[in-house]
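Each value in this text was obtained by applying a stated rule to the coordinates, not by laboratory testing. Please read all numbers here as calculations on a predicted model, not as lab measurements.
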């Protein structure tokens, strides 16, 4: 299977910050807007929320929210 240049570029982008991004990160499954999502936080503050659109064929879309003003509305599990 041939990987598209966009997918290859995205993988390289993720690899650049991945080793630093996950340090001291905590993850919990939460429900937002009726969807299962992964909430990641560090030092008691939400850092990222991720959810997907998926079907039997696989993942169609990964949606990440990293904007602090949007994340502020999501309570961090205790």
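Please label the shape of the range 24-78 as rounded, prolate or oblate, based on the square roots a ≥ b ≥ c of the eigenvalues of the alpha-carbon gyration tensor (a/c under 1.5 means rounded; beyond that, a/b larger than b/c means prolate, else oblate). If you can, show how the numbers build up before the last one.
On the way: a/c = 2.10, a/b = 1.98, b/c = 1.06.
Cα axes put the range 24-78 in the prolate bin.
Multiply the residue gap between residue 65 and residue 31 by 0.36 nm, knock off their C-alpha separation, and tell me the result in nm, one decimal place. Before the final figure, lay out the partial values.
On the way: separation 34, 0.36 × 34 = 12.24 nm, distance 1.40 nm.
Contour length minus Cα-Cα distance gives 10.8 nm.
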